1. Of all residues in the range 134-146, which are touching a residue at least 12 places away in the same chain (Cβ under 8 Å), surrounded by fewer than 19 Cβ atoms within 10 Å (Cβ to Cβ) and either in a helix (DSSP H, G or I) or not polar (S, T, N, Q) (or both)?
2. Looking at the range 69-82, is at least one residue of a type in the set (Asp, Glu) and within 24 Å of SER108 (Cβ to Cβ)?
3. Looking at the range 158-188, which of its residues are modelled with pLDDT under 75 and not in a helix (DSSP H, G or I)?
4. Identify, from the list THR149, THR103, THR72, the residue that is surrounded by fewer than 18 Cβ atoms within 10 Å (Cβ to Cβ) and either farther than 18 Å from ILE52 by Cβ or touching an Asp or Glu at 6+ places or on another chain (Cβ under 9 Å) (or both).
5. Given the criterion within 16 Å of the chain's Cα centre (by Cα) and over 13 Å from ILE58 (Cβ atoms), identify the matching residue among LEU79, LEU150, LEU135, LEU83.
6. Residues being in contact with a Ser or Thr (Cβ under 6 Å, 6 or more places away or on another chain) and part of a strand (DSSP E or B): count how many of those fall in the range 44-84.
7. Could we say that ASP130 is acidic (Asp, Glu) and either more than 25 Å from LEU163 (Cβ to Cβ) or surrounded by fewer than 16 Cβ atoms within 10 Å (Cβ to Cβ) (or both) here?
8. Which pairs do you get when a residue that is more than 27 Å from ASN127 (Cβ to Cβ) and in contact (Cβ under 8 Å) with a residue 60 or more places away in the chain, found in the range 63-82, comes within reach of a residue that is surrounded by 14 or more Cβ atoms within 10 Å (Cβ to Cβ) and among the aromatic types (Phe, Trp, Tyr), reach meaning Cβ atoms under 7 angstrom, with the pair 6+ apart or on two chains?
Amino acid sequence: MKNTAISNRISGQQTSLKTRGFVPLAVLIVFFGLSPLNAQTMSQTTSDRAPIDINLIIDGSDSLTAVKEDVTAWVFRRLDQILVNGDRVTVWNAGSSAIVIYTGGIDSNAERENVKRSIRELSPSGNGADFSGALREAASRQSSSYSYTLLISASPGALSSVLSGSQANLLRFSRIEEFSDWRALVVGLNLEARVKRAATAFFAR
């Protein structure tokens, strides 16, 4: 059975926009209208978009062990769908502390394979998953106008602690896909100003 508590908490973060005069529709505008990945992910074809930062934050706790094969296959399919030459990819092993296990630009198939190898060789261990540390670092590293941040969680407790803690704002603009024992979140980092502008433009029509 899917655990809906995480989805409900993320919805709560998005609902907080209402208290500032904006509604979740503005979030959808950013994700589905403004993102340079929109046409690419919808059509599943190669795009001539400008290069962006791609952040992969993968649960490094023992909870990943049982689902790692499924997670790896799904992430590889997503990477094949979205990566273009010039993208800069950073992969975090979010274990008890967040550790960068790969970072580099994508200019060839060999580099794509290096990204996949780093994910394939990730070794889960321990009980903690430092999503907050990885998200903070990803936000501070952003060098392009847009970034694509994919967070993989097999630890409901660790993700809940982010949502209920001081770093909850990092997940305010998120889309979630739930699977039986894990979930994938596309997190919109550093989007608050863009969401406000999008909402203002939308309601000014």
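The values are calculated or read from the model by the stated rules, or taken from the named source; none is laboratory data. Please read all numbers here as calculations on a predicted model, not as lab measurements. For neighbour counting, all protein chains shown are included, and Cβ atoms are generated from backbone atoms with ideal geometry for every residue, glycine included.
1. Filtering the range 134-146 for residues touching a residue at least 12 places away in the same chain (Cβ under 8 Å) gives 134-139, 141-146.
Keeping just the survivors that are surrounded by fewer than 19 Cβ atoms within 10 Å (Cβ to Cβ) gives 136-137, 139, 141-145.
If the condition is that a residue be touching a residue at least 12 places away in the same chain (Cβ under 8 Å), surrounded by fewer than 19 Cβ atoms within 10 Å (Cβ to Cβ) and either in a helix (DSSP H, G or I) or not polar (S, T, N, Q) (or both), then ARG136, GLU137, ALA139, ARG141 are the ones that fit.
2. Within the range 69-82 (the criterion being of a type in the set (Asp, Glu) and within 24 Å of SER108 (Cβ to Cβ)), the answer is yes, since at least one residue qualifies.
3. Listed by number, the residues that qualify are GLY165, SER166, GLN167, ARG172, PHE173.
4. THR72
5. None of the others qualify; the one that does is LEU83.
6. Total meeting the criteria: 3.
7. no
8. These pairs meet every condition: ILE82/TYR148.
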